[in-house]
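The values are calculated or read from the model by the stated rules, or taken from the named source; none is laboratory data. The structure displayed is predicted, hence computed values, not measured ones. For neighbour counting, all protein chains shown are included, and Cβ atoms are generated from backbone atoms with ideal geometry for every residue, glycine included. Areas reflect the complete protein model, heavy atoms only, side chains present, ligands, DNA and RNA absent. Shrake-Rupley method; radii C 1.70, N 1.55, O 1.52, S 1.80 Å.
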Amino acid sequence: MAQPARPPTGYPSQNGAGQQPYSNGPVQNQLMHSSDGQGYSPSVPGLYSHQMPAKVPPHQTSGQYNYSGSQNVSQLNNYQGPGQTLNRPPVAPFSGSPVQQTGPVPQVLLPALQNSAAISSAGSFPPGASPPVLSNWQYSQTPVSQPVGSQTSHLAHMTGTGSAQPPSSLSGDTNPPGNYQYAASPGGPPLQNSYMKPGSAPPPVTQPLTPLHPPARPPLGPPPVGGPPLIRPSTLTAGPPNTQSLLNSAANRDGNATSAASDGSVVQNSYDAIEGGGLMATPHPSPAPPNLKMNRSVGYSYPTLPPGYQNTSPPGAPGMQASALQYPDGSKHFHQPALGTNHLTASMGGLSLQQEGLRPVNLLQERNILPMTLLKAPVPNLHEDIQKLNCNPELFRCTLTNIPQTQALLNKAKLPLGLLLHPFKDLSQLPVVTSSTIVRCRSCRTYINPFVSFLDQRRWKCNLCYRVNDVPEEFMYNPVTRVYGEPHKRPEVQNATIEFMAPSEYMLRPPQPPVYLFVFDVSHNAVETGYLNTVCQTLLDNLDLLPGNTRTKIGFITFDSTIHFYSLQEGLSQPQMLIVSDIEDVFIPMPENLLVNLNENKELIQDLLRTLPQMFTKSLETQSALGPALQAAFKLMSPTGGRISVFQTQLPSVGMGALKSREEPNQRATAKDIHLTPSTDFYKKLALDCSGQQVAVDLFLLSGQYSDLASLGCISRYSAGSVYYYQSYHHKHNPVQVEKLQKELKRYLTRKIGFEAVMRIRCTKGLSIHTFHGNFFVRSTDLLSLPNVNPDAGYAVQMSVEESLTDMQVVSFQSALLYTSSKGERRIRVHTMCLPVVTTLSEVYLGADVQAITGLLANMAVDRSVSATLSDARDALVNAVIDSLSAYRSSVLSIQQPGLMAPFSLRLFPLYVLALLKQKAFQTGTNARLDERIFTMCQVKNQPLVYLMLMTHPSLYRVDNLTDEGALNINDRTIPQPPILQLSVEKLSRDGAYLMDAGSVMFLWIGKNCGQSFISQVLGVPNYGSIPQNMTHLPELETAESIRTIAFISWLREQRPFFPILYIIKDDSPLKSSFLQNMIEDRTESALSYYEFLLHIQQQVNK
């Protein structure tokens, strides 16, 4: 397919105002910004003729569906993680495919990677695609397999600089067989495994690790499709010929187009190839530098960060010490001053800074361990020069900020290793770089970042695979300082989070226009709820704020037992309804007028939105043909891709995808019988078809009855959409839900959006990713397909240490997200994080991030609930606490003490796990409706960590005595900061008023003896008895108390993308039980109190 010309530049970053425009070189190569059109003209017929091929739906039997995408029951307490990738084609294990080569080249055996995910993180993005960032969060499970060379370690010194990495297997097992040979690039000395000691011969192929918990059943993904990967002439393929996955075969069907990347390498024209690396990564034929022995002393080990390159004079200039290390071109090692022993304190003398994290805490005696302010992420134990460049933990976070050197050490700690990402988060400041050259490692395709090292002005060493790369001429000029010869000061090397404007080789087709299709349930039940009035009015109010440009398109479909299309053709005096009653074989009438340009047809669109709510008021049609309506929507959207927003109010009853009720209210408590799996694979298969055509589906469920969200939710889960649930929505009977829908729909309609996105995570060689969590489809073992990406979605991955990280002081993780902005610009957002490697168990515990651990365990528990039973998931959560505290007691504590001892870093671990057990997703008892439980599980899988923790362990504040002491001042507003209280009735006083912030809901509890001033000056009523039963708003009064209270609640609400309803409750309020249910530390009818839970843990630990 012809590539579009590179767009001119000129748009400010869509993601944050006021970035400094960079210019790129003495010649002004615009460093920022691209034009609107970017080579796409909607009027040119056939421009989208080469669509992304649709996926082959996976063969799956009902009931075998796994919520997160991992298809094995993973043992939570062993953290080996399910080894199946989501929807990955099963591939028969193969042993030792011969290396394909086109000429005589030295070959070298490398130890095989033992986890199919291990390698994928580094190299399997097409040159512009980005790995998924799971910044505080986690999600759909899948093992990942990655291209050779993509995972090498980054800041640590290793014995080699340029070794290639072996390909990983596509087998669904987490521990694929590993008999591969990998041939070195032609020319240059033979490559050695960079993790071997110098001088030792490469060992024979390493045998894969035996899984602790073998998979319970084979993967459920689609069968393998397509032929062997394309082989580039005169280079070597990175993997065996039969490891082809769905997307690669899609590339074959697309014509095997290739495009030249900026560094001269050739990449295949599929999303997998575009982002570079992955299974299709091929080593470059340029000579590999010999392995360089790196001394353990800091001088050459890991060059100073920043910058890796300190001086601007060329190597060998006067005053520079020549190093004895010789490079292939004869130039000498560029000397960098050592930082001293505190450069990387992880394995050196810096532990004294964090000894508090290791202090033993007797949980049975120290009851007041909850911090009075929100818990912050632990700071990695790195030198401050490195740490100040590290990625913001709100975007990218690891469960262990000290990475264990070996899998054996990780197993001993009994803690899960994983990443939580929030890759597309709204950012107030985001450096955006436009450059004709995006600098990436030629081997593993890692983007240049703050943690690479510059050997001299002309060469930089990758911090993932340690390959030495040339610095392109254009990169020598620093657009910020306007100085030539300072590549280490460029924005790409000074920012752990950065966005690139992608050139044309990062596109498979011209960037798609923003296309929005709204699908409305208009059955009698739907009309009765009154939701259409709210939705249509909110759409009318925000029509001009939809992200997009002059190419934005919009369309509408309504359905009951038939499907109604709306022609918005120019020249019509009013919209024209077209009814299709054949729901068994849906077709699109007049396809050219159903999706129309928003700007050119705005009056007709507004007319339709005003009349829609009244059009069906007298309808008596009770049936719901949701399946056929979605099929029609998919057909309409396929040519371009875009977003489908579907509003549904009941169980689909006719046509494809019809469902029957499976909820029996009296059996809600029996964990074995609840239906957490889909009853049909129709919605999952349709979602995969949507994903293949770059279409995402967002589901708004507004229902009072059971609607089988377990089945319907698949349409969003696998198409990278979102699920919204408004239980018992009714404009009259439940008016508080109307405001919630209005506020959340406005955010949904106006927030930024990325189209036709792919994401990949790379990590240092030796680490491997084996399971993903979130809403997406795993397209080619480790490339996440995200037809839409939004700023409110989080992701998570599970990892293992596949090869010992010996001789490494630090490791790195990089996520890259390649997407099309609503302005038609192709962009790449890259996040890079650096963490120290440690060798002792105490250091592993010292760096434990208890919130990230809890978030990852919650994702794993959702998978276990679906693949096994709810009780299995609950047991696994409890065992996670028992195992880790047992390991700490037996292996770290030098003096055995009575009580339940935990390291300070894990002091909140039992409390957070107890909170998970009491959350709607995992609680027992008849309180939770099935759809409500499923929706909470959806939130666990798709929420960034910060929101997930708030919903799991709410914050409690006393608000009747707010003062300005310690308050924040934001935009001329004073925001009080009351201390956080423990979640126990013990902390409540009848004399006070208490605000509980549970994330998606807030409760303001007023004690019977609450002061009269608070009741009158904040609630605006004369006395306690006058407080209305269903009060949900605070009046805005001109009193200091009212201003403070409203400012505090508004500030809490502004920090999240959803709208929490505020319920004001008294002792006799019906909602008091909901308020008390969130008192995590107290006993409930079906769950232990915190103290009882600690006694149970102690009993198990001391066995």
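Looking only at segment 545-555, decide whether some residue is among the aliphatic types (A, V, I, L, M), over 16 Å from residue 520 (Cα atoms) and outside any loop (DSSP other than H, G, I, E, B).
Taking every residue of segment 545-555 in turn, at least one turns out to be among the aliphatic types (A, V, I, L, M), over 16 Å from residue 520 (Cα atoms) and outside any loop (DSSP other than H, G, I, E, B).
From the list 608, 604, pick out the single residue that is touching an Asp or Glu at 6+ places or on another chain (Cβ under 9 Å), within 26 Å of residue 576 (Cβ to Cβ) and part of a helix (DSSP H, G or I).
Testing whether each residue is touching an Asp or Glu at 6+ places or on another chain (Cβ under 9 Å), within 26 Å of residue 576 (Cβ to Cβ) and part of a helix (DSSP H, G or I) leaves just 604.
Looking at (1) more than 40 Å from the chain's Cα centre (by Cα); (2) open to solvent by 60 Å² or more (accessible area, probe 1.4 Å); (3) β-branched (Val, Ile, Thr), which is the one condition that is false for residue 1015?
(2)
What is the number of the single condition among (1) of a type in the set (Val, Ile, Thr); (2) out of contact with any Phe, Trp or Tyr (no Cβ under 7 Å at 6 or more places or on another chain); (3) within 18 Å of residue 371 (Cα to Cα) that residue 936 does not meet?
It is condition (3) that residue 936 fails.
Condition first: over 30 Å from residue 639 (Cα atoms) and either without any contact (Cβ under 8 Å) to a residue 12 or more places away in the chain or open to solvent by less than 10 Å² (accessible area, probe 1.4 Å) (or both). Now tell me which residues in segment 738-769 satisfy that.
741, 762, 763, 764, 765, 766, 767, 768, 769
Any residue that is under 21 Å from residue 975 (Cα atoms) and surrounded by fewer than 19 Cβ atoms within 10 Å (Cβ to Cβ) - is there at least one of those in segment 1063-1071?
No, that holds for no residue.
Against the definition (on the phi < 0 side of the Ramachandran plot, of a type outside the set (Gly, Ala, Ser), modelled with pLDDT under 95 and open to solvent by less than 10 Å² (accessible area, probe 1.4 Å)), how does residue 543 come out, yes or no?
Criteria not met by residue 543.
Just checking, how many residues over segment 695-736 are in a helix (DSSP H, G or I), under 18 Å from residue 529 (Cα atoms) and either without any contact (Cβ under 8 Å) to a residue 12 or more places away in the chain or under 26 Å from the mean Cα position of the chain (by Cα) (or both)?
1
Go through (1) in a helix (DSSP H, G or I); (2) open to solvent by less than 10 Å² (accessible area, probe 1.4 Å) for residue 797 and report which single condition fails.
The single condition residue 797 does not satisfy is (1).
So residue 766 clears everything in (1) modelled with pLDDT of 95 or more; (2) out of contact with any helix residue (DSSP H, G or I) (no Cβ under 8 Å at 6 or more places or on another chain); (3) small (Gly, Ala, Ser); (4) more than 30 Å from residue 715 (Cβ to Cβ) except one condition, right? Which one?
Failing condition for residue 766: (1).
Name, by its number, the condition in (1) touching a residue at least 40 places away in the same chain (Cβ under 8 Å); (2) surrounded by fewer than 23 Cβ atoms within 10 Å (Cβ to Cβ) that does not hold for residue 481.
Condition not satisfied by residue 481: (1).
Can you say whether residue 780 is closer than 25 Å to residue 415 by Cα and touching a residue at least 40 places away in the same chain (Cβ under 8 Å), as far as the supplied structure shows?
no
Return the only residue of 425, 376 being at pLDDT below 95, under 23 Å from residue 834 (Cβ atoms), open to solvent by 30 Å² or more (accessible area, probe 1.4 Å) and basic (Lys, Arg).
Just a single option satisfies the conditions, and that option is 376.
Please find, among 970, 980, 895, the residue that is over 30 Å from residue 788 (Cα atoms), without any contact (Cβ under 8 Å) to a residue 12 or more places away in the chain and open to solvent by 10 Å² or more (accessible area, probe 1.4 Å).
Checking each option against the conditions leaves just 895.
Given (1) at positive phi; (2) out of contact with any Leu (no Cβ under 7 Å at 6 or more places or on another chain), identify the lone condition not met by residue 708.
Tallying (1) at positive phi; (2) out of contact with any Leu (no Cβ under 7 Å at 6 or more places or on another chain), residue 708 fails exactly one: (2).
What number of residues in segment 485-532 are modelled with pLDDT of 90 or more, of a type in the set (Gly, Ala, Ser) and in a loop (DSSP other than H, G, I, E, B)?
Total meeting the criteria: 4.
Would you mind stating whether residue 569 is in contact with a helix residue (DSSP H, G or I) (Cβ under 8 Å, 6 or more places away or on another chain), among the polar types (S, T, N, Q) and either under 30 Å from residue 821 (Cα atoms) or without any contact (Cβ under 8 Å) to a residue 40 or more places away in the chain (or both)?
yes
Mind listing whichever residues of segment 924-959 are under 16 Å from residue 1075 (Cβ atoms), in contact with a Ser or Thr (Cβ under 9 Å, 6 or more places away or on another chain) and open to solvent by 10 Å² or more (accessible area, probe 1.4 Å)?
Within segment 924-959, 927, 950, 951, 953, 958 qualify.
Which ones in segment 486-528 are closer than 29 Å to residue 596 by Cα, open to solvent by 10 Å² or more (accessible area, probe 1.4 Å) and among the polar types (S, T, N, Q)?
Within segment 486-528, just 504 meets the criteria.
Please go through segment 572-582 and pick out each residue that is within 16 Å of residue 612 (Cα to Cα), open to solvent by 60 Å² or more (accessible area, probe 1.4 Å) and either part of a loop (DSSP other than H, G, I, E, B) or in contact (Cβ under 8 Å) with a residue 12 or more places away in the chain (or both).
Matches in segment 572-582: 573, 574, 577, 579.
What are the residues in segment 1032-1058 that are closer than 15 Å to residue 998 by Cα and either assigned to a loop (DSSP other than H, G, I, E, B) or among the hydroxyl-bearing types (Ser, Thr, Tyr) (or both), if any?
1050, 1055, 1056, 1057, 1058
Which residue pairs have Cβ atoms closer than 6 Å, lie 6 or more positions apart in sequence or on different chains, and pair a first residue in segment 367-384 that is more than 14 Å from residue 851 (Cα to Cα) with a second residue that is among the charged types (D, E, K, R) and part of a loop (DSSP other than H, G, I, E, B)?
369/907
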